[in-house]
Ligand SMILES: *Cc1c(COP(=O)(O)O)cnc(C)c1O
């Protein structure tokens with residue numbers, strides 16, 4: 001597919017690597033492509049980054065037909081740029097699309113478009129330790145219409161945001177807060193799709209957690225409110241005695257690529273990861289018996305996020321000794337080393353741009 005390219009009149013001043021934070025700076029260019037039932041996906045183009053013009057009746061603004069992905073480009077020590085499992089992101093993107101009645105994209109075309117964009121924006125991939133270029137592919141419904149149905153037209157875009165090191169002051173455990181009052185998703189709903197409304201739905205409980213001094217919410221299943229699902233925008237793992245456990249993918253949980261990578265790495269080290277139902281009661285019991293060795297989240301943003309404390313029903317449990325566990329630390333190091341090209345990639349996860 002022929003991708004057109006419009007040059008920007010002026011380029012932005014790059015922020016310092018030390019000032020990046022997360023999600024506030026955007027590169028000079030974006031990729032755009034439109035969809036209509038007659039033409040399919042058409043007019044793929046790289047253009048200067050800029051505002052989208054839309055009618056106030058644009059469907060995405062009213063009914064939330066929107067999906068996105070999140071992945072990163074990493075600068076290696078030799079200056080090359082690597083992507084981590086990008087095809088898996090585009091496969092998941094298509095599963096989200098299908099669930100939201102959005103037309104699917106051609107994974108190869110979109111990966112090629114991303115690589116083309118990254119080659120133009122190569123200098124936007126930061127190089128300070130732990131920094132990366134966050135990539136946000138998105139599709140929104142664009143019909144100017146407020147009757148309720150799925151849109152006929154769509155816009156696909158990719159924007160790029162240089163982001164700082166997630167752990168600038170060292171690998172630090174987070175405090176999480178279990179809600180029994182609010183739920184994120186139910187089986188049969190859209191919990192396994194990366195769709196905008198899931199995140200809007202999570203804000204209220206997250207604010208309550210923040211007010212109580214916790215950084216993220218741990219969600220329980222929407223029906224019985226007993227079984228652990230995930231945390232914020234991360235999947236969750238527990239080490240109970242010698243067993244490594246993560247909730248099974250039952251339809252309400254996002255199928256994380258980092259989650260899958262953790263399972264594959266653990267297995268390559270001769271450990272098995274049980275994917276099963278796991279209740280909050282089981283976690284409390286393991287904690288009280290001194291068997292709750294480690295808890296950690298997995299996701300693209302933080303890679304591995306060790307959990308130091310869990311609050312449930314007014315009671316705070318300290319995980320292990322409250323510090324980062326050795327298994328989480330080993331996973332973090334290995335994953336990051338593969339992403340930045342410092343370790344062998346026996347899984348074929350990495351693509352060089
Ligand atoms: C994106 C996301 C994850 C993590 O997925 P990765 O592919 O590992 O980044 C987990 N849970 C939710 C709700 C998410 O949106």
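I'd like the residue in the range 254-278 that is outside any helix (DSSP H, G or I) and in contact with a helix residue (DSSP H, G or I) (Cβ under 9 Å, 6 or more places away or on another chain) and, out of all such residues, is farthest from residue 349 (Cα to Cα). Across the range 254-278, the extreme among qualifying residues is 275. Taking the listed residues 319, 262, the one that is within 29 Å of residue 205 (Cα to Cα) and within 16 Å of the ligand (Cβ to nearest atom) is 262, with no other qualifying.
Residue-wise test of (1) assigned by TED's automatic domain parsing to the domain that holds residue 132; (2) assigned to a helix (DSSP H, G or I); (3) crowded, with 22+ Cβ neighbours inside 10 Å; (4) touching a residue at least 40 places away in the same chain (Cβ under 8 Å).
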{"position": "83", "(1), (2), (3), (4)": "yes, no, yes, yes"}
{"position": "93", "(1), (2), (3), (4)": "yes, yes, yes, yes"}
{"position": "101", "(1), (2), (3), (4)": "yes, no, no, yes"}
{"position": "110", "(1), (2), (3), (4)": "yes, yes, yes, yes"}
{"position": "114", "(1), (2), (3), (4)": "yes, yes, yes, yes"}
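Considering each residue of the range 148-160 in turn, at least one proves to be farther than 24 Å from residue 197 by Cβ and away from the ligand (no atom under 16 Å from the Cβ).
Inside the range 136-164, residues that are buried (at least 16 other Cβ atoms within 10 Å of the Cβ) and assigned to a loop (DSSP other than H, G, I, E, B) make up a count of 6. Among the conditions (1) more than 14 Å from the ligand (Cβ to nearest atom); (2) under 20 Å from the mean Cα position of the chain (by Cα); (3) in a loop (DSSP other than H, G, I, E, B), residue 175 misses just one, which is (3). Just one of the numbered conditions (1) in the same structural domain as residue 298 (by TED's automatic domain parsing); (2) away from the ligand (no atom under 12 Å from the Cβ); (3) farther than 22 Å from residue 98 by Cα is not true of residue 219: (2).
Taken over the range 53-73, the criterion of being part of a loop (DSSP other than H, G, I, E, B) and within 16 Å of residue 31 (Cα to Cα) is satisfied by 53, 69, 70. Among the residues of the range 253-272, those that are without any contact (Cβ under 8 Å) to a residue 60 or more places away in the chain and crowded, with 18+ Cβ neighbours inside 10 Å comprise 256, 259, 263.
Residue 32: part of a strand (DSSP E or B), on the phi > 0 side of the Ramachandran plot and in the same structural domain as residue 125 (by TED's automatic domain parsing), yes or no? When the stated conditions are applied, residue 32 does not pass them. Filter the range 197-216 down to residues that are over 26 Å from residue 61 (Cα atoms) and crowded, with 18+ Cβ neighbours inside 10 Å and give me whichever is nearest to the ligand (Cβ to nearest atom). Looking at the filtered set, the residue picked out is 216.
From the list 135, 140, which one is closer than 20 Å to residue 86 by Cα and modelled with pLDDT of 95 or more?
Answer to the check: 135.
The values are calculated or read from the model by the stated rules, or taken from the named source; none is laboratory data. For clarity, every value in this text was computed on a predicted model and none was experimentally measured. Neighbour counts are summed over all protein chains in view; Cβ atoms, including those assigned to glycine, are modelled from backbone coordinates with ideal geometry.
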